[in-house]
Every structure is written in C-alpha cells, then in structure tokens.
1. Rounded to a whole number, what % of the accessible area of segment 236-327 do carbon and sulfur atoms account for, probe 1.4 Å?
2. In Å², what does the accessible area per residue of segment 559-652 work out to with a 1.4 Å probe?
3. Per-residue accessible area for residue 459 at 1.4 Å probe radius, Å² rounded to 10?
4. Round to a whole angstrom and tell me the spacing of the C-alpha centers of segment 52-124 and segment 405-471.
5. Taking a cut-off of 22 Å between Cα atoms, list the lysines near residue 143, but don't count ones fewer than 8 places away on the same chain.
6. Give the accessible area for residue 118 in Å² (nearest 10); use a 1.4 Å probe, count only protein heavy atoms, and leave out ligands, DNA and RNA.
7. Which percentage, to the nearest 5, of the DSSP beta bridges contained in the chain is antiparallel?
8. Roughly how much of residue 236 is accessible, in Å² to the nearest 10, using a 1.4 Å probe?
Amino acid sequence: MTTLFLTAMTLAGLLEVESLLSIRHPGSPAWSPDGTHVAFVWDRAGVQNLFVVDAVGGWPEARTDYRDGVVGAPFWSADGSVVYFERDGELYEVPPTGPVSPKAVFGTEARESEVRLSPDGRQVAFVRLGDVWIRNLESGREKRLTVTLVSESDLRWSPDGARIAFIYTRSAPRTDSYDYIGQKLLFQRIEGDPQDVGVVSIEGGGVMPVGASPQVEHFPRWLDARRLTLERVSSDLRVREVLLADATTGEVRTLHRDEDEKWWSLGYLGAEPRPSPDGRFVAFVSDATGWDRLYVVSTNGGEARPLTNDGEEVRRFAWSPDGTSIAFDSNADAANPGRRHLFVVDVDGADPPRRLTSGTGTNTQPADASGFGLVNEHGGWSADGSKLLFQHTDSRRPADLFWLMLGEDLPPRELTYSLPPSVDRNELIEPELVSYAAPDGRQVPAYLFVPRNLDRAQKHPAIVWIHGDGIAQNYEGWHIRRDYAVYYSFHQYLAQQGYIVLAPDYRGSIGYGKEWRQLPYRDLGGGDYEDIAASVPYLESLLYVDPERIGVWGLSYGGFLTLKALTEDPELFRAGIDVAGVHDFRYWHRDPGGRWILGRLGDPEENPDAYLQAAPVERVDRIARPLLVLHGTADVNVPFLESLHLIDELMKKGKKVDFVAYPGEFHYFHREHVLRDAWRRVEEFFSTHLRG
C-alpha cells in the first residue's frame with residue numbers, strides 16, 4: 001500500500017479535467033458506539049459508496065461498490081456489529097469489516113425512506129407510501145402508525161421510544177404547459193399547504209398535531225419523553241419563535257422570539273433550536289444583534305443568554321452527550337471571514353469559548369449540519385464525549401475528515417485523503433483575500449487566484465465567478481460543500497491554465513453579518529449587481545490583467561447576476577456563462593423558491609418594480625457579447641423552464657446563444673459525464689472568447 005502510494009505521488013502534477021472528476025467529498029460521518037470507527041459516505045463525481053475507517057489508524061475500507069446512485073447517511077446498530085444505510089428506497093445492512101455483502105432489510109416493492117433507529121436499537125421507524133411505520137429488526141414484524149392523506153417526513157423518536165414526531169404537509173403535483181414550449185412538453189411542480197408537526201404513539205391511535213401555524217419551520221427535536229422543541233416562522237417572514245410543545249396535549253409555549261423589520265434570514269442556515277440531552281436548556285442561533293450568535297434559554301423560561309460574541313457567525317452547533325457544553329464552528333478570525341475554526345463552550349457561560357483548531361482553511365462539524373432528518377443528534381461528538389469529528393478544507397486540500405481528542409493537546413488525526421495522488425498539492429494556488437470598492441463606497445470582499453510564476457509584465461485574461469444562493473460565501477480554500485467544491489476545483493484548474501480568477505462575496509453573502517446579508521432587501525439585481533460590476537475596474541487596476549479579456553460566469557443566483565451583467569452593461573464583460581440561472585423571479589417566486597424570494601422582494605403585485613429589476617429576460621435585446629447557458633432538466637431549485645424561456649426570448653431578438661441541456665441532471669452538477677462535458681465546454685468557451 002505504502003509503495004503504491006509513494007509511486008503515485010512521484011507522478012503527481014498539474015490538475016487535468018479527469019483529475020478534477022477524481023476528487024472525492026466525504027459526508028454523513030457517524031461514530032461507532034464504542035468510538036473506534038467512523039462510517040461515512042464518499043462521493044466521487046456523483047457516485048456514492050459507504051466506507052468505514054479505523055479512527056486510530058488505517059485506510060478507509062469500502063463497504064459497498066456501487067457504480068452509480070446515492071447512499072443515505074449511515075447509522076450503526078446498538079452493538080456496533082452492523083452499519084445501516086438507505087439506497088434506492090431500501091434499507092441495507094453491512095458489517096463494518098470483513099466480506100462486503102450488503103443485505104436488504106425490507107425486501108419490498110414499495111419504497112422506504114426516513115429510516116430512524118429507535119433508542120434501544122431494536123426497531124426502526126420509516127416512511128412507506130407517505131405514512132409512518134415501525135419494524136422490529138429481529139422479528140421483521142411491522143406496524144403502520146398513520147393512515148393519512150398527507151406526506152410525512154423527518155421522523156424523530158422520543159427518548160423513551162414510545163412516540164415518534166414527524167413533519168407533515170398536504171401537497172399535490174400541478175402540471176403546466178406554456179405556449180412557447182408546446183402542448184406535448186409539460187412541467188410539474190408541487191403545491192401544498194404549510195408544513196406542521198404531528199406526534200404518534202407506537203401503540204397506535206390518532207396523530208396529535210403540535211405547533212399549528214400558517215407557516216412553520218419545525219425541525220422537531222425531543223426535549224424529554226413528553227416535550228419537544230420547534231421553530232416557527234410567521235407567514236410574512238418577520239417573526240421567528242423558538243417553541244416548546246407538549247406531545248400529549250398539543251400545547252405550545254414560546255421560549256424565545258425574534259422580530260426582524262426585513263425578513264428572518266437564517267432559515268437556511270441551521271439556526272433552529274436544539275435541546276440539551278438533559279432537557280434543561282434549548283440552544284439556537286439568533287442574529288438579533290446583527291451577528292449570528294449562539295444562545296441558550298432555560299426550558300423553565302427566562303431570557304435567552306448569548307454564549308458567543310458579535311463580530312462572528314456561528315454555524316453547525318451540537319450538544320455534548322452529557323449536555324454540559326456545545327461544539328460549533330465560527331469565523332471568529334476577523335482578518336478572514338472565510339476561515340472557520342472549531343470551538344467548544346460550557347453551557348454555564350462562565351468561561352469564553354475555547355478554540356480547538358488552528359491554522360488556515362475551514363474546520364466545520366460535518367454531522368447534524370442543518371437538522372434535515374440527520375441521524376446523529378450529537379453531531380461530531382463520540383458517544384462518550386471524548387472525541388470530536390470534523391471536516392477540514394484549505395487551499396491545498398479538498399474536504400477531508402479529521403478528529404481530535406478533547407482535553408488533550410494533540411494534533412487532529414486525519415481519516416481521509418480526498419485529493420487524488422495524481423495531483424501535486426504544491427502546485428495548487430492559495431487564493432488571496434482582497435477587497436474593492438462598490439459604487440456606494442462599501443468594500444466588497446473577494447478571493448483572488450493568481451497563477452504561479454505569472455509574467456506580470458504581460459496582460460492576461462481574467463474570469464469573475466459569482467456564487468449562487470445569496471446565502472452562500474467563498475472560503476479560504478476549497479468550499480465546504482460538495483456542490484460548490486467542484487467549482488473551486490475548476491477555478492484551481494483555470495488558474496493553472498493562466499487565468500486570473502476573482503470570486504467576490506457580493507452583498508447578500510453570508511459570513512459578514514446580518515447587515516451585509518440583508519442589503520439586497522427589495523433590491524435583487526441592484527446593489528448586488530453593482531458589486532459584481534465593480535469587480536471589473538478592480539481587475540483593471542491589476543496591471544497584469546487585460547481589461548478587454550474579462551469573462552463572467554455564475555451558478556443559480558450567480559447565473560442571474562451574469563445575465564444582469566450582459567443586459568445592464570452589455571460590453572462590460574467579454575463573455576458570460578449562465579449555469580442554471582434565474583431570468584425572471586416573477587415566475588420563480590411561486591416554485592420552488594417561494595419563501596426565499598418573498599422574503600427578499602415581497603409580493604410581486606405589491607412590489608412590481610423590484611421584480612422588474614430582477615427580470616433580465618426583459619432586456620435580452622441588449623446582449624452584445626457571447627453567452628453560454630448550461631442547465632439540467634431535473635433541476636428542482638431553478639426549474640429548467642427558466643432556461644427554455646430565456647432561449648426562446650433570445651432567439652426572438654435574433655441573439656446567438658450556446659445552450660446545453662443535461663438530461664436528468666439536477667441544479668448542482670453531480671454526475672461524471674455531465675461534469676466532464678460542462679468543464680470542457682466552459683474551458684473551450686473562455687478559451688475562444690478570452691484568449692482569442
């Protein structure tokens with residue numbers, strides 16, 4: 001093993017498109033009950049497999065050998081003899097060592113999902129045909145607990161195993177057709193009522209509804225055998241409440257309330273309440289002071305108490321198993337908001353948070369990151385609370401798993417190596433954190449990639465990359481999410497090809513406090529676009545950049561801002577690439593981004609001018625520079641319909657556009673053949689129009 005590894009390292013060199021496809025990303029890690037092994041899913045170009053690694057030492061061992069498809073988050077049996085995982089609507093079990101032989105647990109034609117192990121490890125709860133079921137793992141006996149007309153998800157066992165909480169919503173598909181597409185090609189979207197929370201006893205009986213509200217973001221978590229915590233957000237998105245609900249009576253009590261004059265903007269950032277294991281406190285993140293701070297509130301009532309300070313943004317927090325402390329990651333280093341470290345703080349608040357990691361890059365807790373049905377309630381903590389599992393990235397390393405021993409001054413231990421040995425890490429470029437002035441005088445942070453050994457006496461092409469989501473950011477090195485990590489990898493590749501790359505965190509990005517995050521309020525495509533436009537004079541100030549050869553591209557909201565650039569200032573950029581971008585939020589506010597867009601722009605009938613500003617499709621007649629559009633047909637974030645409408649309008653105006661549709665691909669490109677084709681097309685497009 002060692003000889004082969006060293007031989008491969010001697011052959012390491014520059015990035016190639018094929019080596020980009022071989023960079024892996026670990027996810028959903030879970031400690032074994034005894035804290036000696038870690039099970040996790042390793043993704044390579046959309047193909048996921050289950051691995052188990054000895055935490056003390058050794059190489060990750062593949063426990064599956066799939067050539068396509070997705071593997072669900074693994075979880076261990078109570079005795080650690082079996083690892084369970086979901087795949088294609090079935091639950092499988094496999095031993096952590098020995099011969100690889102995944103065994104189906106259910107063996108039914110119906111699809112099962114949301115599988116959750118009971119506290120005693122003897123049963124699993126799951127969803128089949130939209131209803132909640134339980135199954136005894138030893139006998140195979142099953143029991144259906146609900147018979148409803150609603151869709152149920154995000155199952156949670158009570159600590160005593162007597163009840164199951166879940167989210168439910170009434171929804172139905174709606175099929176639409178559009179004249180510019182024709183009657184044979186139909187588009188489907190899901191319409192439904194706001195979600196709510198129900199509780200059912202494993203002995204059967206009716207469903208107890210809790211938390212009823214016009215709009216609830218629940219993420220239910222049990223406080224004890226009878227009570228659970230919820231999060232409720234008002235229909236106008238301006239009030240967020242941390243709730244305590246009684247599962248036997250349905251009574252709901254408010255523990256904490258946040259009011260925002262604009263909109264509650266932490267809804268996608270894992271700020272929801274999480275109770276301590278002993279039931280004494282509830283922890284949550286609030287931006288009431290302008291920064292995303294960690295708070296705790298007593299379940300007996302009283303004022304919430306902050307555990308972290310202003311000037312930083314807390315993410316991905318998890319209680320220790322004994323309930324005395326909370327681990328989290330934060331960008332407390334004011335010099336570089338894209339750098340993140342792990343901290344632990346005692347819940348009594350007597351001492352300030354203790355930093356656990358050092359150096360550059362990002363250190364984030366990989367488990368329990370957002371609350372969306374994840375199995376491990378204690379995040380990266382081992383069961384005995386002695387170890388903490390986390391993910392690390394930097395400019396030389398994509399996401400890898402590490403763990404550290406609490407209370408001991410020892411370096412973290414590495415569990416994975418996601419960069420293929422064909423790549424020389426020393427040839428990778430460390431992006432520099434810079435800033436430049438927007439027209440209103442605000443400073444726009446950005447990461448600048450400058451090729452090694454660049455001849456600065458010559459003029460070189462440059463590319464501006466616009467991340468998506470609005471609620472996203474660039475980091476000091478590889479992106480922490482696999483979705484954006486593939487783009488970071490490609491920007492390293494472009495830099496090695498001689499391009500200067502600039503990645504701005506325009507207003508609306510996270511990592512810089514609530515004010516910066518909320519600046520696009522009622523102004524999408526306004527000030528945030530000006531931040532992008534201001535990148536051009538900044539690049540022109542770098543004497544080694546050719547002002548006539550600056551391109552722009554972006555994903556999702558970044559695709560929208562790319563279209564804004566080509567329609568607002570038609571000759572500002574030499575060429576642009578729109579990847580799954582929005583061209584008209586007047587459609588998109590209905591599906592699928594309703595709450596995201598309504599919080600920022602409000603109702604389109606009440607704010608028509610704001611929606612018109614955010615509709616570059618109205619100005620495609622102004623496009624004067626080359627445009628490439630890439631979009632997957634199975635996109636559930638930004639409907640594929642967006643690009644079809646855009647292409648139709650472009651052709652009506654006599655505009656030339658290169659358009660590629662990827663059959664069955666989602667919003668974030670995952671599959672190997674799609675990534676290979678997309679990267680080659682992007683490289684050829686920029687080479688043609690920026691290198692000339």
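1. 42
2. Accessible area per residue: 33 Å².
3. It works out to around 100 Å².
4. First find each Cα centre; the distance between them is then 36 Å.
5. In chain and number order, the partners are 103.
6. That residue has around 10 Å² of solvent-accessible surface.
7. That works out to approximately 85 percent antiparallel.
8. 90
The values are calculated or read from the model by the stated rules, or taken from the named source; none is laboratory data. All values derive from a computational prediction rather than experimental measurement. In this analysis, Cβ positions are derived from the backbone assuming ideal geometry, glycine residues included, and neighbour counts consider all displayed protein chains. The area values use the complete protein model at the heavy-atom level, side chains included, leaving out ligands, DNA and RNA. Shrake-Rupley method; radii C 1.70, N 1.55, O 1.52, S 1.80 Å.
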